[in-house]
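Below you'll find the structure, written out as structure tokens, and then a few comments.
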Amino acid sequence: LVFPGGQVALQTASLACARDGCRSVVFTPGYQSTVESPLWAADNGGITEIERRPEDGWRVDLDEVRKAIRGNENTTKFLILNEPWNPGGILMTLETQSELIRVCRENDTIVLCDEVYRLLEHEPSGETRLPSMAAAYEKGISAVTMSKPWGGCGITIGWLACRDLSIIRKLIDVQYFGTACVSRASEIQGRMVLASSDFILKERLEIIRTNKESLRIFIEERYREWFSWKRPNAGAIAFVKFEGPWTAEDLGRHLAEVGISIKPAYCFVRKVGVKERGLVDYFRVGFGERKFPLALEKFAEFVESHEDSWRRSRNVDNTQRDFVK
């Protein structure tokens, strides 16, 4: 089913599948639509949020998934994933995907997987690229968009793929009252892009790999005093921890003053704040564009202009803590 962009596709799937008392499982931190969209469904049964934690390498906790799906009086019939994971660019293993599907199958739970960064695995191989959820699971729905793998943001085409006809009928019923058709111009542009898919994906991956290496050097070598990360293995995004005296929100505000944009962790969590979740120092950075090296060098200039004040601030904090002890 084709939609005017991936955002509408995700919302349509949630409106169709999370209604009539259905409880949904979502993962946080996460892209807003994958966390909150079930709450917009009519008569939804609420959501169970499962945290992805930095100390676990941001992995999906299958024990928490089992607990969430098997609990709630068997009303949990919808689960939303984002793989590769946004904001971290982390891809689960095939073993994790298979076990998650097994648990969902036992409970007849539909799985919607936002796969907008699929096909952008940094080392495409049988070990890293997962099967699409629509291919791997009979009640799986895959959400795709032209904007990420092919860089076709202005085309505004997204789609849902699913093998279950009863689910497809639900999706069509909701789609009809929202966006029954998309722009013909967008369809033509989309076909043109997909006709050159191999060439475009090859070029996109070259840019991503080059930029990722520049970012690795920035974080792990040049400024390891101030930044750390779980190195991403898919997509064009990373979730970075700032080790300095500011919060990521403060860092973002100061960076914005010099024309650099990051997304602090509060953009990816819902009600409970980033402080309570231990995410106050994290921010997302994107590295999928050709101009990224220029932005990164500007970022480096910013860091070097603030390093001395950050060290002084940290020394003051350490002295105060020692005094309290």
Degrees, to the nearest 10: 6-17 long Cα axis against longest axis of the chain: 50 degrees
Given charges at Cβ of Lys, Arg, Asp, Glu: segment 237-299 dipole, positive-most of Gly252, Ala295, Val269: Val269
Helix axis angle, 292-324 relative to the chain longest principal axis, alpha carbon, degrees: 60 degrees
Relative contact order computed over the chain (Cα-Cα under 8 Å; 6+ residues apart), in percent: 17 percent
Area projected by the alpha carbon convex hull of segment 168-307, averaged over all directions, nm²: 12.1 nm²
Exposure rule at most 10 other beta-carbon atoms within 10 Å, DSSP loop GluC sites (Glu not before Pro): the chain longest free segment: 128-256
Computed [θ] at 222 nm, deg cm²/dmol, the chain (DSSP H ≥ 4; -39,500 (n - 2.57); rounded to nearest 500): -13000 deg cm²/dmol
The chain: angle of helix 197-217 to the longest principal axis, Cα-based, in degrees nearest 10: 30 degrees
Accessible area expressed per residue, the chain, with surrounding protein chains retained (probe 1.4 Å, Å²): 49 Å²
Rule-of-thumb Rg ratio for the chain [Cα; 2.2 N^0.38 Å; N residues]: 1.05
Carbon and sulfur %, accessible surface of the chain computed with the full protein complex present, 1.4 Å: 51 percent
Charge dipole (debye, nearest 20) of the chain; +1 at Cβ of Lys and Arg, -1 at Cβ of Asp and Glu: 340 debye
For segment 81-230, convex hull of alpha carbons as volume per residue, Å³: 146 Å³
Estimated FRET transfer efficiency when R0 is 56 angstrom, pair Arg311-Leu62 (beta carbons, to 0.05): 0.85
Extent along principal axes [Cα atoms of segment 1-116; Å; largest to smallest]: 36, 35, 21
Among the listed pairs Lys202/Lys298; Lys212/Lys275; Lys67/Lys230; Lys170/Lys241, those beyond 31 Å (Cα-Cα): Lys170/Lys241
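The values are calculated or read from the model by the stated rules, or taken from the named source; none is laboratory data. If you're wondering where the values come from, they're calculated on a predicted model, not measured in any experiment. Methodologically, a virtual Cβ is constructed for each residue, glycine included, from the backbone with ideal geometry; neighbour enumeration extends over all protein chains shown. What goes into the accessible areas is simple: the full protein's heavy atoms, side chains included, and nothing from ligands, DNA or RNA. Shrake-Rupley method; radii C 1.70, N 1.55, O 1.52, S 1.80 Å.
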